[in-house]
Amino acid sequence: MTEAVRARRILTMDPGRPEILDGGILIRDGRILAVGPWKDIAGHGVRRDLGAVTIVPGLINAHTHLELSHLARRITTGQGFMAWADSLFAAMREGPVDESAVDLAVRDARVSGTCCVADVVAREAGVVRRALDRQGLGGILLREFSGRNRDFSPPSLPGHWSAAIHSLYSTDQGFAQCVKGWCLGRNLPFSLHLAEVPGENELFRSGRGEFADFLLARRILPKGYEAPGLSAVEFARDLGLLDNSTLVVHCVQVGGRDVEILAESGASVCLCPRSNRLIGVGDPPASALHAAKIPLCLGTDSLASVPSLDLWEEVRAVRRLLPPSSPLQDLLAMVTVNPARALGILRDYGHLETGKRAAWAVLPGDLEER
Ligand SMILES: [Zn+2]
């Protein structure tokens, strides 16, 4: 069946034709056959009218951990990263991943307009993939590694997947380079948490501080750790981890020089402002990152640090951190075309245009242009 879908306004994210008033999308077998004025689309399929709404490309959540969904409302927040992490470690020891919680989280994400997630998995890739498939949500799984390892030959995961490291404080630097090299050799995206925690820069600069003590006490950092004498971002750059196929997650603790390095590297940065605020690590310098023209993406992070996987809430949170004059298109790019490009899924997602998946979201009224 060919379907002709009508909306009062379509924001395509295609720079050649960003806005179509009284627009239509022609769909067959889940793909877009055509996008244009309703008068050109209406006669070619079974009609469906979405009404007086603005539709945008389906949203891409660039950073989640769906396997932690059963920990919703069970983790200490608001008291900083270390209290949050200890609470998380304890809760994870208590029991296995709950598949029904993952299902529920994926359903909530889909209902709020998400069409695809980049999900970081450490343990239960099968559970996550099954939940995504059941709910018809696209996803790239990023298998997360940490610690130290000489060899890197990861077993395959179900569906579209790549590899990530947890962070530079939990992963040996040689191993981090090995994982990045594996991704590069396959033309796949790579991701890491970076500069999230207050004290992360102090750790890499001097090897000392409260955060270093925390990591040493939990044997996350080896005894006799030698700091590289760099900021977190400088360290990642010097290891060759930053390029246009890397998605750097968080970047809360970054200064002016770090922003320049990120911009020069071509890496994309995924902000998770609600998670940062709720854990208590501060706000990311979204304005400076945006002004430097770094491709920004948004992620909710997991239900262990946010109350919902509603990506529109992340858009609202980052809007509060940007100048009031920031265009709506720039905000939308963070949940559509930027993550599609960063994750290598631009063929299917990111725009409403011919050939791509027929996935859209309705723009909430409060986010219409101010
Ligand atoms: Zn995360």
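The values are calculated or read from the model by the stated rules, or taken from the named source; none is laboratory data. What you see is a predicted model, and the numbers here were worked out from it, not measured in a lab. Positions of Cβ are generated from backbone atoms using ideal geometry, with glycine treated the same way; all protein chains shown enter the neighbour counts.
Some notes on this structure:
- For the stretch 22-41, a residue qualifies if it is free of Cβ contacts under 8 Å to residues at least 24 places away in the same chain and out of contact with any helix residue (DSSP H, G or I) (no Cβ under 9 Å at 6 or more places or on another chain), and the qualifying residues are D29, G36, P37, K39, D40.
Okay, residues lined up against (1) under 20 Å from A359 (Cβ atoms); (2) within 16 Å of the ligand (Cβ to nearest atom); (3) in the same structural domain as F81 (by TED's automatic domain parsing); (4) part of a loop (DSSP other than H, G, I, E, B):
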site	(1), (2), (3), (4)
V127	no, no, yes, no
R134	yes, no, yes, no
E144	no, yes, yes, no
A164	no, yes, yes, no
G174	no, no, yes, no
C183	no, no, yes, no
S191	no, yes, yes, no
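- Any chance A292 is surrounded by 24 or more Cβ atoms within 10 Å (Cβ to Cβ) and either out of contact with any His (no Cβ under 8 Å at 6 or more places or on another chain) or basic (K, R) (or both): no
- The single residue among F81, F152, F175 that is loosely packed, with under 15 Cβ neighbours inside 10 Å, in contact (Cβ under 8 Å) with a residue 12 or more places away in the chain, on the phi < 0 side of the Ramachandran plot and hydrophobic (A, V, I, L, M, F, W, C) turns out to be F152.
- Of all residues in the stretch 270-312 being out of contact with any strand residue (DSSP E or B) (no Cβ under 9 Å at 6 or more places or on another chain) and without any contact (Cβ under 8 Å) to a residue 40 or more places away in the chain, the one that is nearest to the ligand (Cβ to nearest atom): V306
- For the stretch 102-113, a tally of residues being away from the ligand (no atom under 16 Å from the Cβ) and surrounded by 24 or more Cβ atoms within 10 Å (Cβ to Cβ) returns 1.
- For V233, the conditions (1) within 16 Å of the ligand (Cβ to nearest atom); (2) in a helix (DSSP H, G or I); (3) β-branched (V, I, T) are fulfilled apart from (1).
- Within the stretch 346-370, being outside any loop (DSSP other than H, G, I, E, B) and crowded, with 20+ Cβ neighbours inside 10 Å holds for R357, W360, A361.
- Residue in the stretch 258-275 that is within 27 Å of G23 (Cα to Cα), touching a Pro at 6+ places or on another chain (Cβ under 8 Å) and either small (G, A, S) or modelled with pLDDT under 95 (or both) present: no
- Test: residue in the stretch 228-237 that is surrounded by 19 or more Cβ atoms within 10 Å (Cβ to Cβ), at positive phi and touching a Leu at 6+ places or on another chain (Cβ under 9 Å): no
- Residues in the stretch 19-78 that are within 16 Å of the ligand (Cβ to nearest atom) and in contact with a Phe, Trp or Tyr (Cβ under 8 Å, 6 or more places away or on another chain): 3 in all.
- Some residue of the stretch 251-269 being assigned by TED's automatic domain parsing to the domain that holds V121, touching a Gly at 6+ places or on another chain (Cβ under 9 Å), charged (D, E, K, R) and away from the ligand (no atom under 16 Å from the Cβ): no
- Options V35, V56: the member that is assigned to a strand (DSSP E or B), closer than 20 Å to V315 by Cβ and either modelled with pLDDT of 95 or more or among the hydrophobic types (A, V, I, L, M, F, W, C) (or both): V56
- Residue satisfying condition, being closer than 29 Å to V127 by Cα, out of contact with any helix residue (DSSP H, G or I) (no Cβ under 8 Å at 6 or more places or on another chain) and surrounded by fewer than 20 Cβ atoms within 10 Å (Cβ to Cβ), within set W182, W161: W182
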